[in-house]
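The values are calculated or read from the model by the stated rules, or taken from the named source; none is laboratory data. Computed from a predicted structure; not experimentally measured. Ideal geometry is used to build each Cβ from the backbone, glycine not excepted, and the neighbour counts take in all protein chains shown. SASA here: full protein model, heavy atoms, side chains in, ligands and nucleic acids out. Shrake-Rupley method; radii C 1.70, N 1.55, O 1.52, S 1.80 Å.
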Amino acid sequence: MSKTIRVCVTGAAGQIDYSLLFRIASGEMFGPEQKVALNLLEITPALDALKGVAMELDDCAFPLLEEIVMTDDVNVAMKDVNWALLVGSKPRGPGMERGDLIKENGPIFTSTGKAINDHAADDVRVVVVGNPCNTNCLIAMHNAPDVPRDRFHAMTRLDENRAKSQLAQKAGVPVTEVKNMVIWGNHSATQVPDYKNATISGKPAADVIGDLAYLQTEFTSTVAKRGAAIIAARGKSSAASAANGLIDHVKSLLTPTPEGEVFSSCVNSDGNPYGIPEGLIFSFPCRSNGDGTYEIVPGFELDQHLTEGVAKTVAELESEREVIKDLLG
Ligand code: NAD
Ligand code: LMR
């Protein structure tokens, strides 16, 4: 058995983490042989609720769960962590866009970034879920200047999974038949679900679906506005599916990506290979060797409709960056 992996999960008494922590502790994220230690961060008023979550973790008697640390101090929470899963932040309510959270949630990621910089393990990797996750990730990355930029991710895996599911249902095939369902850009209503490069049973999804107008309108808007639809239906934002997306995201970084396949992740753009402006946290087609690293996969070609969508999501990310430029250090 390899060395224990220490994972910081923020917002640990919140609804996403209630679906997430038990799956990490049971081995779903890091594998059935891998011991884990959980550093759980909450704000002070939520520490009692967090104790309840920890009691339930204890009551599962998970063989792989070695230690639980509970704290309201972000510096303690980030001590020696190999993974920092940044969920803790306010969710949006009905009628809001995710970007409306930026002023309230953005500042959380300055202290979090600094704490990661100062206290995390040398191999730390960071995944931001709290919204607006791309720009919050940018803030954390800028406040952790000693941590290589390729360690930072924001999550569009939930969007990818949503898109796969929509395509599978439309085509009447199992979801496993849908591959290379790339989400480009921001985890927001401007995201670009790439119907052109997705495949269904090895064939271009657009050929299988045979309805470009559907792909450009109903499919795209269903995926991009799914978060709002769930809030309207449930009265709360997605939680179990978000936790599941995060598990898939981390597993994709720790499993060699099958030849010819990709997964979506928001990572730092250095301008290559798609000409996305440098320094945005942007969702790209990625692959991994399975050691936690990734590369952006080149060669995906977009049609004019998708290219126009990419320009809009770039513009939105640039305007979000402008709003929080004071937090970038
Ligand atoms: P929630 O309100 O149920 O839980 C959030 C928790 O974070 C709360 O317990 C709160 O006390 C805690 N918190 C607040 N500030 C904190 C801080 N500074 N440090 C540590 N903890 C803090 O919310 P939720 O439904 O679990 O959603 C959490 C975030 O995830 C929201 O911003 C939501 O919009 C986002 N989200 C993102 C995706 C995605 O795909 N990227 C999907 C779903 C939700
Ligand atoms: C989602 O996509 O479900 C989350 O980002 C929550 C939200 O506000 O939509």
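Restricting F282, F300 to residues that are within 16 Å of ligand 1 (Cβ to nearest atom), outside any helix (DSSP H, G or I) and either without any contact (Cβ under 8 Å) to a residue 40 or more places away in the chain or not charged (D, E, K, R) (or both) narrows the list to F282. The numbered conditions (1) under 21 Å from N136 (Cβ atoms); (2) more than 12 Å from ligand 1 (Cβ to nearest atom); (3) open to solvent by 30 Å² or more (accessible area, probe 1.4 Å) are all true for V81 except (3). Only one of the listed residues (L280, L254, L302) is modelled with pLDDT of 95 or more, hydrophobic (A, V, I, L, M, F, W, C) and closer than 22 Å to P132 by Cα. That residue is L280. Kindly establish whether G99 is surrounded by fewer than 23 Cβ atoms within 10 Å (Cβ to Cβ) and free of Cβ contacts under 8 Å to residues at least 12 places away in the same chain. Answer is no for this residue.
The residue that is most open to solvent (accessible area, probe 1.4 Å), among those in region 114-140 that are in contact with a Pro (Cβ under 9 Å, 6 or more places away or on another chain) and either assigned to a loop (DSSP other than H, G, I, E, B) or among the small types (G, A, S) (or both), is N131.
Restricting attention to region 68-78, and to residues there that are more than 9 Å from ligand 1 (Cβ to nearest atom) and under 18 Å from A49 (Cα atoms), which single residue is surrounded by the fewest Cβ atoms within 10 Å (Cβ to Cβ)? This residue is D73. Per this entry, H305 is counted among residues that are surrounded by fewer than 17 Cβ atoms within 10 Å (Cβ to Cβ), out of contact with any Asp or Glu (no Cβ under 7 Å at 6 or more places or on another chain) and not in a loop (DSSP other than H, G, I, E, B).
With respect to the conditions (1) more than 16 Å from the chain's Cα centre (by Cα); (2) touching a residue at least 40 places away in the same chain (Cβ under 8 Å), P148 lacks only one, and its number is (2). The set of residues from region 212-239 being of a type in the set (G, A, S), touching a residue at least 12 places away in the same chain (Cβ under 8 Å) and open to solvent by 60 Å² or more (accessible area, probe 1.4 Å) comprises just one member, A232.
For region 1-54, the candidate set comprises residues that are of a type in the set (K, R) and more than 21 Å from D72 (Cα to Cα); within that set, the residue that is nearest to ligand 1 (Cβ to nearest atom) is R23. Does M1 count as modelled with pLDDT under 95, of a type in the set (A, V, I, L, M), open to solvent by 80 Å² or more (accessible area, probe 1.4 Å) and farther than 27 Å from D118 by Cβ? When the stated conditions are applied, M1 passes them. Residue by residue through region 141-183, note down the ones that are more than 15 Å from V250 (Cβ to Cβ), within 14 Å of ligand 1 (Cβ to nearest atom), touching a Phe, Trp or Tyr at 6+ places or on another chain (Cβ under 9 Å) and open to solvent by 10 Å² or more (accessible area, probe 1.4 Å). Residue satisfying the conditions is N143 alone. Within region 201-230, track down each residue that is within 16 Å of ligand 1 (Cβ to nearest atom) and over 17 Å from A171 (Cβ atoms). Those that are within 16 Å of ligand 1 (Cβ to nearest atom) and over 17 Å from A171 (Cβ atoms): A224, K225, R226, G227, A228, A229, I230. Across region 184-195, the number of residues qualifying as crowded, with 24+ Cβ neighbours inside 10 Å, within 13 Å of ligand 2 (Cβ to nearest atom) and over 13 Å from T222 (Cβ atoms) comes to 2.
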